[in-house]
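A.B. asks: Next up is a structure, given as structure tokens.
Laboratory data are not the source of any read-out in this text; all were calculated from the coordinates shown. Computed from a predicted structure; not experimentally measured. Every residue, glycine as well, gets a Cβ built from its backbone with ideal geometry; the counts of neighbours run over all protein chains shown.
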Amino acid sequence: MTPTTILIAAMGGEGGQVLADWLVLAAEAEGLAVQATSIAGVAQRTGATTYYLEMTPWPKDGRTPVLALNPAAGEVDVLVATELLEAARAVQAGLATAQRTTLITSTHRVLAMGEKIAMGDGRVDGAMMLRACREGAKRALLFDAEALMAADSAALNALMLGAIAASGTLPIAAERYEEAIRERGVAVEANLAGFRVGLEATRGGDAAAVADIRLPDSVEQVVALALPRLVDYQDQDYAALYRRRIEACGDLPEAVLREVARHLALRMSYEDIARVAQAKLRPERLARIRHELGAEDATPVRIHEFLKPGIGELCDMLPGFLARPILALARSRGWIGRAHCGMEIETTAIGGYLALAALAKTRRLRRWTHRYAVEQELIEEWLHAVRGAAALSPALAMEVAGLARLIKGYGDTHRRGLGNYRLIMDRLVLAALAGRAEPELAPRIARAREAALADPEGRALERALAA
Amino acid sequence: MERSFKREVQQLRLGANQVFRGEGIVAVAKALLQSGVSYVGGYQGSPVSHVMDVLVDAEDIMAELGVHLETNANEAAAAAMLGASINYPMRGAVGWKSVVGSNVAADALSNLASPGVIGGAMIISGEDYGEGASVIQERTYAFALKSGLCLIDPRASLPTIVRLVEEGFALSEASNCPVVLQMRIRSCHMQGKFVCKDNVAPAIGTRRKLAEPAGFDFDRLSHPPATYRQEKRKLEQRMPAARRFVVERGLNEILDGELGDIGIVVTGGLADTVLRRLARIGLADGLGGSRVPMLILNVTYPLVPEQIAAFCAGKRAVLTVEEGSPEYIEQQINVILRKADLQTRVHGKDVLPGAGEYTAEALDDGLAGFLRAARPVGYDLNAVESAAARRAAIKAKGRALVPVELPPRPPAHCTGCPERPVFSAIKLLEREIGKVHVAADIGCHSFAIFAPFNLGHSILGYGMGLASAAAVAPMQQRRPIAIMGDGGFWHNGLQTGVIGTQYNRGDSVLVIMQNGFTSATGQQYLPSSTTSRFDAPGGMDIRRTLEALGIGWLRTVRTYSIAKMVATLREAMATAYQGLKVIIADGECMLARQRRLRIEVAERLKQGLRVARARFGVDEEICTGDHSCIRLSGCPSLTVKTHPDPLRTDPVAHVVQSCVGCGVCGEVAHAAVLCPSFYRAEIVRNPGRFEAWRARFNRRAIGWLAA
């Protein structure tokens, strides 16, 4: 006699305990022997928690079934996960198997800290995890519970119970689940509604759709995105400059040119105070924020911005002949990264709006600023390096183009990224172009770039360059 | 408190023949009332917090029965409270998290065990061991051995647990030994049912008080020369009495099995898992029957040599199944068999792991190893081998499907937690002055050891943060920062840390996280909470206490004000003031606060009163995907998502709906000079007249300007 086993993988604060309670009540109402336990973690949110249940018909001879408290690899009938990575974790551990397991999971991601703090993209491959869930289970019932939560303000645990009912895997009649929700007595009406939403959404089986923003895959597509962006950023002439620069790179292999076109668009629309102010003022932005807050037409919404430009950012707006001596002085006095002008501006008040509008208007003067000159010089140097690298090998050109990824952010972050970029450019790229080519240069640049994104202190980069 | 125990409290009222349905640890609370306890107490800690929580919520039932309830200041106080049963025939029980709680209680425990008790005394010990455990991995067994406590490790079923609570008190009275009931994590959270008995009002209780104290009896005092007699009595009278009771009452279970040449001796809490693992290889029927004879030790100390010898007689080999090291039971069995001149081979840690929880897989491997070595007559080992091969294939397939290392998901500070910004501030300070030695402590704040903060050099126990810096401070050019929660402060940090440092003129910096609850264990009240179980403030105040001790450098800073916190820390690190510098980091536990606010806000909205709700957001167009903000904040609601800009490949920072608008994002962005992409959006329901007019005016004016 083998009991039916259920493993629920959830995170603190998602109502996993109540979900387990519902299953216990439903199983008992069905006349089954049932036992549940949990590794609930501590009171805090976001830590992984698991719940494990076993249920089986009562034997006719009056004996008591032995029910276990631990799940075992290959012996889980129903695996429920409230998030994709936790489902993948269970598949990896062999808890779900193609021989036995019905795998029910939401496909949305709640990123782990390790994925979030990466300076680049530290997210685990979602497509791989979806595939693992499908291939690692006898039957997979995948759906985006987060979307349903947003659309129907349903609770995650109620949705999951609905999906469990829809799977029909447990020896429990569908109406028992609703009875269990009533008996448990927590937010009964809302949970019944959520249960039904989950039931309907998954009745048809695997309902996961992978909507991913695809990167443009041809140079033309990139250019088509870049031109209006640069007109918005500066003007038609500036967009024309972009086009000329791309045309000058026409000899580059298609793949390299696509990367160059993409990065060039970003580099030419570098973030300065005018750009930030422009973005903050867009009417669509206010509409989006109001929508996210659920504000009806007359409801007051106030938006406060946190700006804290430093000497560097302020000098960016000045012409070079003014900016250069100020910056030199600031550097010698150690003011860079220390002296800032902190502002909290309310965009939704007329005063704050006008202040931002004035800042946004300064973009007309951008061509005469110190920052503009610096950026254009860097861009030309980079384009030159990419073309030079292409003469050596396409792979090398690709890596040199990709170095642009390191330059991003504001203030300290920007200075650090630019410093890393400069370091790799000088030590590896420009040295190679000057004829001191080293073997395995492309992979070395790739490693150095990854290292630059590995830790904010730059320790990994030092090691990578020393190697 | 985190959970409401209204449902559970109803269950405590159940009478004879009614069926209790619920959690293992709540069943223990019911069993205490059925056993006629006069008093209960303890100190919260996972996994046994709920035994106290539910009794606190059931105070009216306790009052009706005449049971005294004490939420003890720490485990030492709880153990000392059991001293009531030394002189008076009263049953009492206290709960705490083992092994850390037992350590704190050890002094009182020894002094309790030496004279012994005449009323049943029971310790409900949360065995925080294995998966999900949050403390150092040691076992309670050593305490039982050294002090002469009876140790109960009940089989994981509610009827057995309840029976052993009741029998445990009788065992304590029969042997005069205090009894420890070990409750494993999974048993505490186990859902099941049992048939109840009526609650029993104690013969001595708050409703039936004693007219006179007990007479003077030197033998009830743990002081020489009585202690010499007590030690002898433990060995010669009390332990033998306990062994007799165990046998007479049949507390240990023996399962007969047809494979008579082998056997398994297993601690009660693991018995059902072993039976299920045996069923997998055709050696058990899943209904309690086993083909391998089993001795199930619901009482793991003292062992009964005659019982062990009788079980082993005629067997070629037995397997001892006990978690953790040293292998106390295996060693004792070896000695017992040697003395009985039995040649049975004893297996245990040779085939089972010495460390860690006995999961299904650990037991599968151990049983396989045992069966391969013992080769019982009448059993085909092929079943073991094919099961092992099947599992290996399953594990290989799983690793092939997900061939990357998945990031762990440890517990973290909640969204809006008031403690997190303190660690942001420490990180920012470190950028200025360099790395600092951080003496960490037990509590939610210990999560700062995880990413993104990775702050903390040592953890020495609950409330020990400051004390653990005593010999670090004099050796460092930069002052160390010690962390302590308000829970740890009242638990013992006040004495071991603050008083010790002040007395020795230590030069440390202490940050006390004042969030108003012992939050990590489920938001129990503290002496300095704004309310208590008596619906009135505890009346004790950390700042006033420190002032009374003469702490000369004392600041209170609201935790969310990161810039101010950085400035205060900077001052504490640099000041010429020699002596203890204390910063009280003040901010109410956000979980508790949100629970309170949800009700208040709903009420205000219903009455048509003004309610403002703030949320933070990130402008996607401005964020460049560097994630510095996440590395400094670590808030669960601050995450990343695919950049909507098709030209960007790195994900963009993103604030999800769960944001409670605590303000830390803005403070971090400001204090760290990160980037201008954060904004705070505030929505006002039921605005005042002027406010509504102002909003209308601004919208119109801006609409006109934008056009």
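A.B. asks: Rounded to the nearest 20 debye, what is the charge dipole size of chain B about its Cα centre when +1 sits on each Lys and Arg Cβ and -1 on each Asp and Glu Cβ?
C.D. replies: Roughly 1600 debye for chain B.
A.B. asks: OK, next. Using a Förster distance of 35 Å, how high is the FRET efficiency between B:Asn382 and A:Ala173, based on the Cβ-Cβ distance and rounded to 0.05?
C.D. replies: For B:Asn382 and A:Ala173, the calculated efficiency is 0.30.
A.B. asks: Rounded to the nearest 0.05, what FRET efficiency do B:Ala612 and A:Arg203 have when you use their Cβ-Cβ distance and R0 = 51 Å?
C.D. replies: 0.75
A.B. asks: Based on the Cβ-Cβ distance of A:Ala466 and B:Ala392, what FRET efficiency does E = 1/(1 + (r/R0)^6) give at R0 = 41 Å, to the nearest 0.05?
C.D. replies: Efficiency computed from Cβ-Cβ geometry: 0.45.
A.B. asks: Can you give me the Cα centroid spacing of the range B:112-190 and the range B:53-106 in angstrom?
C.D. replies: Here the answer is 14 Å between Cα centres.
A.B. asks: Would you mind calculating the gained length between B:Arg689 and B:Met540 on full extension (0.36 nm times residue separation, minus the Cα-Cα distance), in nm to one decimal?
C.D. replies: 49.4 nm
A.B. asks: Going by average Cβ neighbours within 10 Å, how do the peptides A:76-85, B:345-354, A:189-198 rank, with the highest at the top?
C.D. replies: The densest-packed peptide leads the list: A:76-85, A:189-198, B:345-354.
A.B. asks: Under 1.5 on a/c is rounded, so check that first for chain B, then, if it is not, pick prolate when a/b is larger than b/c and oblate when it is not; a ≥ b ≥ c are the square roots of the alpha carbon gyration tensor eigenvalues.
C.D. replies: Taking the square roots of the gyration eigenvalues as a ≥ b ≥ c, chain B is prolate.
A.B. asks: Of A:Leu84, B:Gly488, A:Gly250, whose Cα points farthest to the positive end of the dipole of the protein assembly as shown (charges on the beta-carbon: +1 Lys, Arg; -1 Asp, Glu; origin at the Cα centre)?
C.D. replies: Value computed over the given set: A:Gly250.
A.B. asks: Here's something else I'd like to know. Over the Cα atoms of the range A:105-237, what radius of gyration and what Dmax do you get, in Å?
C.D. replies: So, for the range A:105-237, Rg and Dmax equal 20.8, 70 Å respectively.
A.B. asks: Toward the positive end of the charge dipole of the protein assembly as shown, about the Cα centre and with charges on Cβ (Lys, Arg +1; Asp, Glu -1), which of B:Leu278, A:Ala323, B:His413 goes farthest?
C.D. replies: Value computed over the given set: A:Ala323.
A.B. asks: Quick one: what are the phi-derived ³J(HN,Hα) couplings along the range B:89-97, Karplus 6.51/-1.76/1.60 with θ = phi - 60°, whole Hz, x for glycine and proline?
C.D. replies: x, 10, 8, x, 9, 9, x, 7, 8
A.B. asks: If you take the charge dipole of the protein assembly as shown about its Cα centre, with +1 on Lys and Arg Cβ and -1 on Asp and Glu Cβ, which of A:Pro171, B:Gly36, A:Ala404 is farthest toward its positive end?
C.D. replies: A:Ala404
A.B. asks: Can you tell me the length gained on complete extension of the stretch B:Ala471 to B:Asp198, counting 0.36 nm per residue apart and subtracting the Cα distance?
C.D. replies: Gain in length upon complete extension: 92.7 nm.
A.B. asks: Right, something else. Dipole magnitude of the protein assembly as shown about its Cα centre, charges +1 at Lys/Arg Cβ and -1 at Asp/Glu Cβ only, in debye to the nearest 20?
C.D. replies: Rounded to the nearest 20 debye, it is 2240 debye.
A.B. asks: Give, as a single signed number, the net charge of other residues whose beta carbon lies under 11 Å from the beta carbon of A:Tyr51, with Lys and Arg counted +1 and Asp and Glu -1.
C.D. replies: The answer is -1.
A.B. asks: Please arrange B:Ser386, B:Ser468 by counting, for each residue, the other beta carbons lying within 10 Å of its beta carbon, fewest first.
C.D. replies: With the sparsest Cβ surroundings first, the list reads B:Ser386, B:Ser468.
A.B. asks: Work through the residues other than B:Ser175 whose Cβ is under 11 Å from its Cβ and net out their charges, Lys, Arg +1 and Asp, Glu -1.
C.D. replies: Counting the neighbours of B:Ser175, the net charge comes to +4.
A.B. asks: Can you sort B:His437, A:His263, A:His384, B:His627 so the residue with the fewest Cβ neighbours within 10 Å comes first?
C.D. replies: Placing the least packed residue first, the sequence is A:His384, B:His437, A:His263, B:His627.
A.B. asks: While we're looking at this one, here's another question. Let me have the 222 nm mean residue ellipticity of chain B computed from DSSP H runs of 4+ only, each contributing -39500 (n - 2.57), with the sum over all residues rounded to the nearest 500.
C.D. replies: My calculation for chain B gives -11000 deg cm²/dmol from helical runs alone.
A.B. asks: Also, I was wondering about something else. What shape does the range B:278-417 take by its C-alpha gyration tensor, where a ≥ b ≥ c are the square roots of the eigenvalues and a/c under 1.5 counts as rounded, a/b above b/c as prolate, and the rest as oblate?
C.D. replies: Oblate.
A.B. asks: Taking only Cα atoms, what is the 0 to 90° angle, nearest 10, from helix B:689-706's long axis to the longest principal axis of chain B?
C.D. replies: Between helix and principal axis, roughly 60 degrees.
A.B. asks: Counting other beta carbons within 10 Å of each residue's own, what order do B:Cys675, B:Cys196 fall into, fewest first?
C.D. replies: Going from sparsest to densest Cβ surroundings: B:Cys196, B:Cys675.
A.B. asks: Here's something else I'd like to know. For A:Ala358 paired with A:Arg243, estimate the spin-label separation in nm (one decimal), with each label point 7 Å from Cα along the Cα-to-Cβ line.
C.D. replies: In this crude label model, A:Ala358 to A:Arg243 measures out at 3.7 nm.
A.B. asks: Summarise the long-distance tail of P(r) for the range A:285-439 by giving the % of C-alpha pairs beyond 29 Å.
C.D. replies: Roughly 40 percent, rounded to a whole number.
A.B. asks: Something else about it: Return the sequence-ordered ³J(HN,Hα) values of the range B:60-76 in whole Hz as given by the Karplus equation 6.51 cos²θ - 1.76 cosθ + 1.60 applied to θ = phi - 60°, using x for Gly and Pro.
C.D. replies: 5, 5, 4, 5, 4, 7, x, 9, 8, 10, 10, 8, 5, 5, 6, 5, 4
A.B. asks: Give me the Kirkwood hydrodynamic radius of the range B:411-503 in Å, from all C-alpha pairs, to one decimal place?
C.D. replies: When all Cα pairs of the range B:411-503 are included, the Kirkwood radius is 13.4 Å.
A.B. asks: I've got another one for you. Count, for each residue of A:287-294, the Cβ atoms from other chains sitting within 10 Å of its Cβ, then give me the mean as a whole number.
C.D. replies: 3
A.B. asks: Quick query: amide H of B:Arg558 versus all other amide H atoms, modeled in the peptide plane; which residues come in under 5 Å with a sequence gap of 5 or more or a different chain?
C.D. replies: For B:Arg558, whose amide H was placed from the backbone, the distant partners under 5 Å are B:Asp586.
A.B. asks: At 25 °C and a viscosity of 0.890 mPa s, what translational diffusion coefficient does Stokes-Einstein give for the range A:403-451, taking Rh as the Kirkwood radius over Cα pairs? Give it in µm²/s as a whole number.
C.D. replies: 218 µm²/s
A.B. asks: Using just the alpha carbons, could you tell me how many Å³ per residue the convex hull of the range B:359-480 encloses?
C.D. replies: For the range B:359-480, the hull spanned by Cα atoms encloses 198 Å³ per residue.
A.B. asks: Would you mind checking A:Lys60/B:Lys395; B:Lys97/B:Lys581; A:Lys116/B:Lys564; B:Lys146/B:Lys197 for any pair whose Cα atoms are more than 30 angstrom apart?
C.D. replies: A:Lys60/B:Lys395; B:Lys97/B:Lys581; B:Lys146/B:Lys197
A.B. asks: Okay, moving on. How far is helix A:174-184 tilted off the main Cα axis of chain A, in degrees rounded to 10, range 0 to 90?
C.D. replies: Taking the Cα atoms of chain A, the angle to A:174-184 is about 80 degrees.
A.B. asks: How far is it, in nm, from the label point at A:Ala391 to the one at A:Ala255 when both lie 7 Å from their Cα along the line to the Cβ?
C.D. replies: 2.3 nm
A.B. asks: Still on this structure, please answer the following. Normalised by the number of residues in the range B:6-247, what is the relative contact order in percent for Cα pairs under 8 Å and 6+ residues apart?
C.D. replies: This gives 28 percent for the range B:6-247.
A.B. asks: Next question. Relative contact order of the range B:610-706: what whole-number percent is it, with Cα pairs under 8 angstrom and at least 6 residues apart?
C.D. replies: It rounds to 39 percent for the range B:610-706.
A.B. asks: Would you please report the Å³ per residue occupied by the convex hull of the alpha carbon atoms in the range B:6-247?
C.D. replies: 113 Å³
A.B. asks: Can you compute the helix-only [θ] at 222 nm over chain A? Use -39500 (n - 2.57) per DSSP H run of at least 4 residues, normalise by all residues, nearest 500 deg cm²/dmol.
C.D. replies: About -16000 deg cm²/dmol.
A.B. asks: Need one word for the range A:372-466: rounded, prolate or oblate. Basis is the Cα gyration tensor (sqrt eigenvalues a ≥ b ≥ c); a/c below 1.5 gives rounded, then a/b vs b/c decides.
C.D. replies: Note, shape of the range A:372-466 comes out oblate.
A.B. asks: Sorted by mean Cβ packing within 10 Å, highest first, what order do the peptides B:630-637, A:161-168, B:172-179, B:545-552 take?
C.D. replies: Per-residue mean Cβ counts within 10 Å order the peptides as B:630-637, B:172-179, A:161-168, B:545-552.
A.B. asks: Let me ask another. Pulled fully out, how much extra length does the chain show between B:Arg207 and B:Arg570, if you take 0.36 nm times their separation in residues and subtract their Cα-Cα distance?
C.D. replies: 125.0 nm
A.B. asks: Under a point spin-label approximation (7 Å from Cα along Cα-to-Cβ), what is the B:Arg431-B:Phe216 distance to one decimal in nm?
C.D. replies: According to this spin-label approximation, the distance is 7.0 nm.
A.B. asks: Per residue and in Å³, how big is the convex hull formed by the alpha-carbon atoms of the protein assembly as shown?
C.D. replies: 203 Å³
A.B. asks: Under 8 Å for C-alpha pairs, at least 6 residues apart: give me the relative contact order for the range A:306-356, rounded to a whole percent.
C.D. replies: Averaging sequence separation for qualifying contacts and normalising by length gives 47 percent for the range A:306-356.
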